[in-house]
Amino acid sequence: MPLTVTIVGLNYTPEATGNAPYTGSLAEGLQQRGWMTRVITTYPHYPSWRLPESGVGWASSSAGTGVRVDRKLHYVPRNPRGYRRLISELSFGVRSVVARWGKPDVVVLVSPGLFAAMFGVLRAKCGIRRVPVALWVQDIYTLGIEETAQGGKLTARLMHALEGRILRASDRVVAIHERSADVLMDRLHVPASKIAVVRNWTHLPEIEVVDRAATREALGWNSSDVVVLHAGNLGVKQGLENVVDAARLADERGSAVRFVLLGGGSERSRLQHAAEGIRSVEFLEALDEDRYQAAMAAADILLVNEKPGVATMAVPSKLTSYFSSGRPVIAATDAGSITESEVLTSGGGVVVPAGDPSALLEGAEALGSDLSAAERLGARGQLFRRSHLTEDAALARYAQVLTALAVRGTGSKPTPRSR
């Protein structure tokens, strides 16, 4: 008999940023490997924090790729910060805990949202039919509060206690990086025996040859512009006021650097207001996958920008996409951060200090003026992607982790078909 898995997470394809592409790839990849896969999720809303104008009901189901996807309507705040973000997660948690899970051999809960996952852990552990749970940690909430300076010390202590309890109550905790696993053990006291590391992978296909000149013309980028593209969520931890300040400096200095912020997020409106009158920065709405890849390939430099103090709460998901593009990466991040380690280990980019707009602008100018160095860095990023971030390797490891968990939970020895 094939193994069955139910995946519960706030975000799912067709959302193109954050953890949604990985959840989608996992669900479809397990299905292709012989698992019976069900997903319980919401309607697409991230990073714009707006529901689609049509096709939204209280609940819906589909199975277009062979994966059964059950979507549940939940509260989507226009300003997803503080208690509104909490209510959003809790509303999905309530919807997901009363949903039909089928009879899975194992359940995967995706965090974020942690508070929604809390309901899943309680159901799995306290229900009539107990089922093994794997909690997939994309972001560490405790560090998010500390590193973005949101909430006070009391909030941080409460989150530390709650997050630790949820993680330790899970049967398996999947971390996306070795440094994240260290934090889970050292700070949140998750036993090492419970932790598995499965790195996020490049979910985009190998990029085809892109007509860079035509794409730049379509996007309104001049051939003389040094386009520095930030693609993805415009949120608090990205600290993108640093980019607006760098663009202001570019105007003052008559620089050829042009910063482009692609996507939506909780900080977009505030950033647009701060950028009024600045010529060297522009905002683009989210693009579909093909145009998104083309935009990355047509840019000169791809940007990861982090708020000062953000060091270990998460590995930027955009890096796996950036390394596919063949373009160099510039990372504005703290010394010793996971992002710094990933960029330098890959050889695919350069690092400048977080929160230093002058250093960001000068780093971009230096890369923009040295085309051979830019090509060399871009090629190294692609090589790192092919060597370390392949989907097949990650999904094979994930299937191994879940199979062991399912067998332990059922006492049987089911054998999923190989792909």
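The values are calculated or read from the model by the stated rules, or taken from the named source; none is laboratory data. In this text the structure is predicted, and so the values were computed from the model without any measurement. Reconstructed Cβ throughout: ideal geometry from the backbone, glycine too, with neighbour counts over all protein chains shown. Surface areas here come from the heavy atoms of the whole protein model, side chains and all, with no ligands, DNA or RNA. Shrake-Rupley method; radii C 1.70, N 1.55, O 1.52, S 1.80 Å.
Structure above, values below:
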| read-out | value |
| --- | --- |
| Residue list for segment 59-78, filter: open to solvent by less than 40 Å² (accessible area, probe 1.4 Å) and hydrophobic (A, V, I, L, M, F, W, C) | Val67, Val69, Val76 |
| Whichever residue in segment 41-100 is polar (S, T, N, Q) and part of a loop (DSSP other than H, G, I, E, B) and, among such residues, is nearest to Ser317 (Cα to Cα) | Ser48 |
| Which numbered condition Met36 fails, given (1) of a type in the set (A, V, I, L, M); (2) open to solvent by 60 Å² or more (accessible area, probe 1.4 Å); (3) within 21 Å of the chain's Cα centre (by Cα) | (3) |
| Inter-residue pairs, beta-carbon under 7 Å, first basic (Lys, Arg) and in segment 114-141, second at pLDDT 90 or above and surrounded by fewer than 22 Cβ atoms within 10 Å (Cβ to Cβ), 6+ apart | Arg123/Val97; Lys125/Ala169 |
| Top-ranked residue of segment 343-359 - restricted to ones that are touching a helix residue (DSSP H, G or I) at 6+ places or on another chain (Cβ under 7 Å) and free of Cβ contacts under 8 Å to residues at least 60 places away in the same chain, ranked as most open to solvent (accessible area, probe 1.4 Å) | Pro353 |
| Output for segment 106-164, where each listed residue is within 30 Å of Leu240 (Cβ to Cβ), touching a helix residue (DSSP H, G or I) at 6+ places or on another chain (Cβ under 6 Å) and of a type in the set (D, E, K, R) | Glu146, Glu163 |
| Residue within segment 99-110 that is at negative phi, among the aromatic types (Phe, Trp, Tyr) and in contact (Cβ under 8 Å) with a residue 60 or more places away in the chain present | yes |
| Residues located in segment 190-217, provided they are over 25 Å from Gly309 (Cα atoms), part of a loop (DSSP other than H, G, I, E, B) and open to solvent by 50 Å² or more (accessible area, probe 1.4 Å) | Pro191, Pro205, Glu206, Glu208, Val209, Asp211 |
| All strands (runs of 3 or more DSSP E) inside segment 218-314 with 1 or more residues being open to solvent by 10 Å² or more (accessible area, probe 1.4 Å) and at pLDDT below 95 | 281-284 |
| Any pair with Cβ under 6 angstrom, 6 or more apart, that starts in segment 1-28 at a residue that is part of a strand (DSSP E or B) and ends at one that is open to solvent by 10 Å² or more (accessible area, probe 1.4 Å) and among the acidic types (Asp, Glu) | Thr4/Asp105 |
| Scope segment 315-341; condition open to solvent by less than 10 Å² (accessible area, probe 1.4 Å), without any contact (Cβ under 8 Å) to a residue 40 or more places away in the chain and under 19 Å from Leu143 (Cα atoms); matching residues | Thr333, Ser337, Thr339 |
